[in-house]
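Please read the structure below before turning to the comments.
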Amino acid sequence: MTVSVWQEMPDPIQVEHDDVVIGAGIVGAYTATLLRERGRDVALVDARFPAAGASGRNAGFVLTSQREPYPMLIEQVGRETAREIMNMVRENVLRMRSLANHFDVPLEDGAAHLAETHADARELEGWVRALEADGATVDFSYKDPYGSSGYVAMMQIENDFMVQPARLTEAIAASSGATLYDHNEVYAIEPAGECLLVHGRRAHIRCRKVYVATNGYGCDLHPYLRRIVRPVRGQITVTTPVEPLINVAGITENHYFRQFPDGRLFIGGARAFFEAQEYTAEDAITPDLHVNLVNYLRLWFPGVDFEVERQWAGIHGFTPDRRVAVGSFPNEKRIVFAVGFSGYGNSIGLVAAERMVALALDGRDPGPLSAARFT
Ligand SMILES: Cc1cc2nc3c(=O)[nH]c(=O)nc-3n(C[C@H](O)[C@H](O)[C@H](O)COP(=O)(O)OP(=O)(O)OC[C@H]3O[C@@H](n4cnc5c(N)ncnc54)[C@H](O)[C@@H]3O)c2cc1C
């Protein structure tokens with residue numbers, strides 16, 4: 001989104017902090033926490049409110065995985081770098097679990113990567129071999145976890161779980177110790193001598209460093225980010241409650257689904273079938289994609305009687321290689337960013353936030369997450 005001159009408050013408050021974090025999703029909230037731990041005075045700013053973006057709309061899968069299956073990641077970046085990324089993801093998953101426990105946020109153990117066909121099963125086996133060779137504990141079997149749905153095989157990676165993502169993000173933001181400026185969309189960041197001036201709708205904040213954690217919305221904030229991250233929509237359908245059916249959340253090549261403890265079915269995905277329309281930042285639902293989601297449930301879980309109860313959309317940030325990018329603006333090293341989680345922010349968002357803080361405060365290179373790969 002953008003901000004018109006009419007929308008800006010007549011007298012925006014003028015304040016000063018050491019750091020401004022833009023975006024109060026899971027990444028911004030955790031960044032604020034890390035900065036406070038380093039003794040900094042932090043402003044956490046959001047156009048709407050904490051968890052208003054993807055962090056409050058996602059499926060809640062916390063997976064030891066990235067968008068590309070592990071063997072493809074190895075092909076993309078080489079074994080050593082892939083292993084390094086996977087170790088970060090493992091660390092991130094454990095940290096998410098410990099935060100969820102700490103804040104008493106509901107979580108459910110387990111998630112099954114499913115093979116719909118024998119060819120998928122062979123791919124899963126390759127994935128298992130690659131993960132095990134790099135120290136992961138993986139459970140694979142030629143079994144349908146739901147009994148007779150027709151899935152050919154399943155893989156579960158140790159420690160994967162489901163979380164209530166909005167509650168977790170809100171809890172991290174609330175306990176961060178940062179000053180929250182909500183409903184304060186930022187429309188410009190400009191140098192002001194030794195400082196930076198962050199212009200928002202209702203607050204103008206003078207600071208030393210700026211941390212951009214706007215993920216898919218980042219491209220509105222600065223042209224440089226437009227080269228790195230692209231908004232992509234994800235859509236989700238929730239049904240009325242049905243009898244217990246899905247004992248473990250499932251992920252296939254194109255869909256992901258779970259069943260809430262109250263019996264409602266939850267399904268998302270299908271973007272691959274609607275590519276052209278889903279490369280958008282528009283928060284809207286489209287009937288054709290939701291028909292696909294409902295039909296998927298009806299095909300794999302036939303005879304189950306449900307109505308659609310709720311549908312929503314969320315905006316991802318995708319990078320060209322589908323991995324997060326951590327870096328600083330080319331001519332302004334005081335502005336750093338961690339964007340482009342490509343659908344896996346629960347898996348690597350915390351570690352990316354940590355790398356962004358280390359880049360800003362210690363000048364430490366973000367390693368394999370570095371956005372330098374796009375320049
Ligand atoms: C439908 C869907 C399902 C998903 N499922 C999963 C999943 O199961 N597992 C997983 O790991 N990942 C999943 N993801 C991805 C995951 O949600 C994201 O990777 C993660 O939430 C990114 O967190 P973030 O804090 O970077 O961004 P966000 O949560 O999007 O936060 C960005 C914030 O920035 C604010 N903002 C934007 N522009 C401005 C501005 N100019 N000024 C001030 N504030 C601004 C927004 O209001 C927003 O609150 C899913 C995403 C979607 C859309």
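Against the chain, whose longest principal axis is taken from its Cα atoms, helix 26-37 shows a tilt of about 50°. For the listed peptides 286-297, 54-65, 168-179, 334-345, a ranking on the average number of other beta carbons within 10 Å per residue, highest first, reads 334-345, 54-65, 168-179, 286-297.
Take every pair of alpha-carbon atoms less than 8 Å apart whose residues are at least six positions apart; their mean separation over the length of the range 66-222 yields a relative contact order of 18 percent. For the chain, adding -39500 (n - 2.57) for each run of n ≥ 4 DSSP H residues and dividing by the number of residues yields -9500 deg cm²/dmol at 222 nm. Highest GNM mean-square fluctuation among Ala166, Ala115, Ala192, for the chain modelled with Cα contacts below 10 Å: Ala192.
Taking a ≥ b ≥ c as the square roots of the eigenvalues of the alpha-carbon gyration tensor, the range 108-180 is classed prolate because a/c is 1.5 or more and a/b outweighs b/c. Shape descriptor for the range 269-375: Rg over Rh equals 1.14 (Cα atoms; Rh from the Kirkwood inverse mean 1/r). With N counted as the residues of the range 220-260, its alpha-carbon radius of gyration over 2.2 N^0.38 Å works out to 1.88.
Near Ala52, within a Cβ-to-Cβ distance under 9 Å, what is the net charge of the other residues, with Lys and Arg +1 and Asp and Glu -1? Once all neighbours under 9 Å are counted, the net charge is 0. In this Cβ point-charge picture (+1 for Lys and Arg, -1 for Asp and Glu), the chain has a dipole of about 740 debye about its Cα centre. For the range 217-296, the convex hull spanned by the alpha carbon atoms encloses 120 Å³ per residue. The charge dipole of the range 1-121, taken about its Cα centre with unit charges on the Cβ atoms of Lys, Arg (+1), Asp and Glu (-1) only, comes to about 200 debye. Taking every DSSP bridge with both residues inside the chain, close to 70 percent are antiparallel. Taking a temperature of 10 °C and a viscosity of 1.306 mPa s, what whole-number D in µm²/s does Stokes-Einstein yield for the chain with Rh from Kirkwood over alpha carbon pairs? Once the numbers are plugged in, D ends up at 75 µm²/s.
Helix 165-175 and the long axis of the chain differ in direction by around 30°, with both axes built from C-alpha atoms. Counting beta carbons within 10 Å around each of Met86, Met72 and listing the fewest first gives the order Met72, Met86.
In sequence order, the range 337-348 has phi-based couplings of 8, 9, 9, x, 6, 6, x, 10, x, 5, 8, 9 Hz under the Karplus curve 6.51 cos²θ - 1.76 cosθ + 1.60, θ = phi - 60°, and Gly or Pro positions carry x. Note that the range 151-162 has calculated 3J(HN,Hα) couplings of 5, 8, 7, 9, 10, 10, 9, 3, 6, 4, 7, 10 Hz, one per residue in order, obtained from phi through the Karplus relation 6.51 cos²θ - 1.76 cosθ + 1.60 (θ = phi - 60°); glycine and proline are x.
The Kirkwood radius of the range 174-324, taken over pairs of alpha-carbon atoms, gives through the Stokes-Einstein law at 25 °C and 0.890 mPa s a diffusion coefficient of 134 µm² s⁻¹. How many angstrom separate the Cα center of the range 106-156 from the Cα center of the range 329-375? About 31 Å separates the Cα centre of the range 106-156 from the one of the range 329-375.
For the range 17-101, the Kirkwood hydrodynamic radius from C-alpha pairs, put into Stokes-Einstein at 25 °C and a viscosity of 0.890 mPa s, yields a diffusion coefficient of 165 µm² per second.
Give the share of C-alpha pairs in each 10 angstrom bin for the range 72-223, from 0 to the last occupied bin, in whole percents, shortest bins first. So the P(r) values, bin by bin, are 9, 24, 25, 23, 13, 5, 0. For the chain, relative contact order (Cα pairs under 8 Å, six or more residues apart, normalised by length) works out to 23 percent. Mind telling me which of Gly250, Gly363, Gly28 comes out most flexible in a GNM of the chain, alpha-carbon contacts under 10 Å? Highest fluctuation of the listed residues: Gly363. Remark: the Cα gyration tensor places the range 316-364 in the oblate category, a/c being 1.5 or greater and a/b not exceeding b/c.
In order along the range 349-365, the Karplus-derived 3J(HN,Hα) couplings, from 6.51 cos²θ - 1.76 cosθ + 1.60 at θ = phi - 60°, round to x, 5, 5, 5, 4, 4, 5, 5, 5, 5, 5, 5, 8, 10, x, 7, 5 Hz, and Gly and Pro are given as x. In units of the rule-of-thumb radius 2.2 N^0.38 Å, the range 288-334 shows an alpha carbon radius of gyration of 2.07.
Within the listed set Asn215, Asn92, Asn159, the residue fluctuating most in the Gaussian network model of the chain (springs between alpha-carbon atoms under 10 angstrom) is Asn159.
In the chain, the longest principal axis of the Cα atoms and the axis of helix 287-300 are about 40 degrees apart. Footprinting exposure proxy ranking of Trp312, Trp127, fewest other C-beta atoms within 10 angstrom first, gives Trp312, Trp127.
Each reported figure results from applying straightforward, stated rules to the coordinates on display, with no laboratory input. Being a predicted model, the structure only gives us computed values, none of them experimental. We place every Cβ from the backbone using ideal geometry, glycine too, and count neighbours over all the protein chains shown.
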